[in-house]
Structures are given as structure tokens and as C-alpha cells.
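The next block holds one structure in the form of C-alpha cells; read it before the comments.
Every number in this text was worked out from the coordinates using simple rules, so none of it is lab data. All values reported here derive from a predicted model rather than from experimental measurement. A quick note on method: Cβ atoms are made from the backbone with ideal geometry, for glycine too, and the neighbour counts reach across all protein chains shown.
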């Protein structure tokens, strides 16, 4: 038995706006699986499932440690450049960490936070 992947399911207020952010900032390929209600955003092997939930509490209003995913990537600096070009909220610029990862943090327009990390040296 083994875990084969992880696909975050996120409640969002502005489905179209959030889906556009994932395409612009993370380079996702989006598909509307239930138009107006669900958009699945494929980023490499990860599929981020966005569900329209206009009455849900926004993640930034919860006040907790609201990171929803740690995405292992190749080219964290290229993701940083793409995020800046798209006007994304970068919470942490790429930084070499003592645990052997070069990491950066992003926040989506709806307040979902992501850490992107690349192993230092390969």
C-alpha cells in the first residue's frame, strides 16, 4: 500500500479569478469539470481542485497556519519570476533553508498559501 499523490480541494469565492491565477502564476492547465462550480487546475502531477463556495470563510480570515500544500518543484527561481510577472502575492522570496531546500511562498487571491520547494544541489 502507498500514497500515489495529493490533490488539494480548495473552497474559493471567485472561481474564475482563482482559476486564472493558478494558470498565470503556476502555469496550470485548467478544466471545468462542473462549469460555474468546479475547476481542476493541473500543475505537473498535482491537480488543485477549486470549488465555488461563496459563503465559506476566506482562508486569510481563519487566522491559522493556512498553508494548503508544499509543492516540490524544479526551478523555484523560475516560478518566482513567473509569480512576480503575474503580480502574485509572494509571501517569501526564494531562500536557501538549513533543511536542504530552496523555498518560496505564494498566496492566492482568495488567501490560500503554497510553499514551493526545490532540493538544493539537484
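Rounded to the nearest 10 degrees, the angle from helix 76-85 to the longest Cα principal axis of the chain is 50 degrees.
Expressed in whole Å with the largest first, what are the equivalent ellipsoid semi-axes of region 59-122 derived from the C-alpha gyration tensor as the square root of 5 times each eigenvalue? Don't skip to the answer; put the middle values down first.
Values: eigenvalues 85, 41, 14 Å².
Listed largest to smallest, the semi-axes of region 59-122 are 21, 14, 8 Å.
Estimated purely from DSSP H runs of n ≥ 4, each contributing -39500 (n - 2.57), the mean residue ellipticity at 222 nm for the chain is -4500 deg cm²/dmol once divided by its residues. Here each label is just a point 7 Å from Cα along the line to Cβ, and for residue 93 and residue 77 those points are 1.3 nm apart.
For a paramagnetic label modelled on residue 60 (point 7 Å from Cα along Cα→Cβ), amide N atoms under 19 Å away belong, within region 106-122, to 106-116.
What separates the Cα centres of region 19-76 and region 84-107 is a distance of 17 Å.
Considering only beta bridges that DSSP places wholly inside the chain, some 70 percent are antiparallel. The protection proxy used here, the mean number of other Cβ atoms lying within 10 Å of each residue, ranks peptides 77-85, 55-63, 109-117 as follows, highest first: 109-117, 77-85, 55-63.
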